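Below: one structure, written as C-alpha cells.
The values are calculated or read from the model by the stated rules, or taken from the named source; none is laboratory data. Every value quoted in this text rests on a predicted model; they were computed, and no experiment measured them. For neighbour counting, all protein chains shown are included, and Cβ atoms are generated from backbone atoms with ideal geometry for every residue, glycine included.
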Amino acid sequence: MNPLRVLRRGLRRVLGRPANPAHLPGARHQFVVDEVDLVRNTYFGHGGSVVGAAWAPWLHAHMELPSWFKKGLDPFSTAYAEQQERLWQAVAGVAEPYVAALHEKEHSWGDVDPVRQPGFYLRRDADAVFSASHHFIASGMLLRHSGLKPGDRALEYGAGFGHTALALARLGVAVDTVDISATFCDYVRQQAEFFQVPLTPFHGHFGMHPRPAERYQLVWFYESFHHCVDFLNVVPKLADLLAPGGRVVLAGEPIVEAENAAVPYPWGLRLHSEVVAVVRQQGWFELGFSERFLYELFARSGFKGHRLDCPTSLFGRLYVFERAAP
C-alpha cells in the first residue's frame, strides 16, 4: 500500500462530492464498528492489494458511531479527547492508549533513492502523473502564499520526503524539518547533502522547537496536521516559533466546511470506509476537523485565520493563520 495514494483518495472522499451511492449495485450507506474487519479485508483484498471490484459497494459508506458515543461534549475538554481515543481504539482494534511513536508506524519504502525517486516519483501506475500533479499544485500554492524570500527561515512539521522543503531550500530559504520518522529524516538529510542546500532534518514530534534561539517566518503542515493528535498542546506553541509577521499554513488537510458523515463532529476520527480500513490496517489516528473548530482552535492561541481555495486541486486549499492584532 502506498500511503500517498491512499491519502489523496481519502481526501477527495472527505472534501469532494462523490457520486450518489444509490446508483451502485448493492451499495452500502453505513456500517457498524463490528464490521470494521470486513471493511479492512475487502479494501486490502485477500492478496494484500488495495481495492478491487468487491470494494465498489463500500466506496461511499461511512461508519455509524457506536451506541456509547456521546455527542455534544465540549470539543476542548478532556472528556471529548478521551472519547475520541476510545473510538480510535475500537476502529484500530487495540486496547492500549494512543502513542504517536508507537502507532504511527512507518510505511516500508524498500530500497528507495530519496534523491532521484523520492515519494510519488516511485509510482508507475496509470494515475501516477495525474496524482503527482496534485502535489505540484499544492507545493505551488504553499510557495506562492508562504511570504518567504531567500535568507528567511521556515519549518515544516511532518515533512516526509520533504519535496516542498527542498524546493524552498534550493531557493535560498533556510528550512528545518521535524518528523517522527527517522527514515524520513535520513531521506531529507541525503537530499540536503546532494543539493548542498540549507535544509536540516530533526527527529522529533509536533511542537518541537529545533532551534530555540531562532524564529521562523513560516511554519507549515502539508498532509500531516491530521496526524497531530496532541494539537490542543501543539497549536499554542506555534506563536513562539514565529518571527514578527510570520504565519502558519496548513495544506492538503481533511478540513470540512461543515460537519458531514465523514467528520460528524468538530474534530475526530474520520469515518469514511477507506479511512476506517487504513486505521484498522495501520493503526494510524486519522483526524478530520471542521472549519469552525479549526478557526476557534487557532484563535484561542492568538491567531486569525482564513482559507485560500485552489480550483484545480483540493490539495492546494490552504488555511493561513497569522497572529491577530492586539
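Tabulated data
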item	result
Unique residue being farther than 28 Å from Gly288 by Cβ and modelled with pLDDT of 95 or more when the list is Val219, Val197, Val178	Val197
In the stretch 149-207, the residues that are of a type in the set (Phe, Trp, Tyr) and either part of a strand (DSSP E or B) or on the phi > 0 side of the Ramachandran plot (or both)	Tyr157, Phe202
Positions within the stretch 135-148 being farther than 15 Å from Leu250 by Cα and not in a loop (DSSP other than H, G, I, E, B), in sequence order	Phe136
Residue in the stretch 113-135 that is under 19 Å from Cys228 (Cβ atoms) and in contact with a helix residue (DSSP H, G or I) (Cβ under 6 Å, 6 or more places away or on another chain) present	no
Scope the stretch 165-207; condition charged (D, E, K, R) and more than 23 Å from Lys237 (Cβ to Cβ); matching residues	Arg170, Asp186, Arg189, Glu193
Residue in the stretch 287-304 that is farthest from Val229 (Cα to Cα), counting only those that are in contact (Cβ under 8 Å) with a residue 60 or more places away in the chain and of a type in the set (Phe, Trp, Tyr)	Phe303
So Phe303, is it buried (at least 22 other Cβ atoms within 10 Å of the Cβ) and in contact with a Phe, Trp or Tyr (Cβ under 8 Å, 6 or more places away or on another chain)	no
Exclusive hit being closer than 21 Å to Met208 by Cα and aliphatic (A, V, I, L, M), set Ala277, Ala243, Ala262	Ala243
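Here is a yes/no grid of residues against (1) touching a Pro at 6+ places or on another chain (Cβ under 8 Å); (2) in contact (Cβ under 8 Å) with a residue 60 or more places away in the chain; (3) of a type in the set (Val, Ile, Thr):
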residue	(1), (2), (3)
Asp176	yes, no, no
Ala192	yes, no, no
Gln196	no, no, no
Thr200	yes, no, yes
Gly204	yes, no, no
His209	no, no, no
Pro212	no, no, no
Glu223	no, yes, no
Phe231	no, yes, no
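Let's see how each residue does on (1) within 23 Å of Leu314 (Cβ to Cβ); (2) crowded, with 17+ Cβ neighbours inside 10 Å; (3) in contact with a strand residue (DSSP E or B) (Cβ under 6 Å, 6 or more places away or on another chain); (4) among the charged types (D, E, K, R):
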| position | (1), (2), (3), (4) |
| --- | --- |
| Gly172 | no, no, no, no |
| Gln191 | no, yes, no, no |
| Thr200 | no, yes, yes, no |
| Tyr216 | no, yes, yes, no |
| Phe221 | yes, yes, yes, no |
| His226 | yes, yes, yes, no |
